[in-house]
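*Asks:* Provided herewith is a single structure, encoded as structure tokens, for subsequent inquiry.
The values are calculated or read from the model by the stated rules, or taken from the named source; none is laboratory data. From a predicted model like this one, the values you see are computed outputs, not experimental measurements. When we count neighbours, we look across all protein chains shown, and the Cβ atoms used for this are built from the backbone with ideal geometry, even at glycine. The area values use the complete protein model at the heavy-atom level, side chains included, leaving out ligands, DNA and RNA. Shrake-Rupley method; radii C 1.70, N 1.55, O 1.52, S 1.80 Å.
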Amino acid sequence: MARGTRDSKDTKGKKGDKREKREKRPLRKKKCKFCLDRVTFLDYKDERRLRRFMTDRGKIAPRRITGTCAKHQRMLAMAVKRARLIALVPYVREYYR
């Protein structure tokens, strides 16, 4: 066998073969917590609520993870940025270890 060529036996039966398509089951769409509570304004002073939508490193969590709608995600981002500005929530964690 020449160098760089594969035998047909090599690729058959491997679990990590990328050509195999896995069966995807439909994901349940997450509901926006703010829409369910009928929130019209996100208060930047409500530190506990804001921290629920932030990662442990201090970043704003994306919509696909939190399940918020686009309107409330924009409001959330603005509230987190305001809270960071007046030091209610940190920009980043103090240390990573």
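*Asks:* With a/c under 1.5 counting as rounded, go ahead and sort the range 29-88 into rounded, prolate or oblate using the C-alpha gyration tensor (a ≥ b ≥ c being the square roots of the eigenvalues; past the cut-off, prolate if a/b is larger than b/c, else oblate).
*Replies:* oblate
*Asks:* Another question, then. With labels modelled as points extended 7 Å from the Cα through the Cβ direction, what inter-label distance (nm, one decimal) is found for Arg82 paired with Arg22?
*Replies:* Simple spin-label model gives 4.2 nm for this pair.
*Asks:* Could you order Asp56, Asp43 so the one with the most accessible surface comes first? Probe is 1.4 Å.
*Replies:* Asp56, Asp43
*Asks:* While we're looking at this one, here's another question. Considering Cα pairs under 8 angstrom that are at least six residues apart, work out the relative contact order of the range 27-83 and quote it in whole percent.
*Replies:* Worked out over the range 27-83, it gives 48 percent.
*Asks:* Please sort by residue number the trypsin sites (Lys or Arg not before Pro) in the range 19-57 whose DSSP state is loop and whose Cβ has at most 15 other Cβ atoms within 10 Å.
*Replies:* Listed in order of number, the matching sites are Arg19, Lys21, Arg22, Lys24, Arg28, Lys29, Lys30, Lys31, Arg38, Lys45, Arg57.
*Asks:* Hey, another quick one. Can you tell me the length gained on complete extension of the stretch Asp46 to Lys29, counting 0.36 nm per residue apart and subtracting the Cα distance?
*Replies:* Here the segment from Asp46 to Lys29 would lengthen by 3.5 nm.
*Asks:* Let me know the shape class of the range 56-97, please: from the alpha-carbon gyration tensor, a ≥ b ≥ c as square roots of the eigenvalues, rounded when a/c is under 1.5, otherwise prolate if a/b is greater than b/c, or oblate.
*Replies:* Here the range 56-97 falls in the oblate category.
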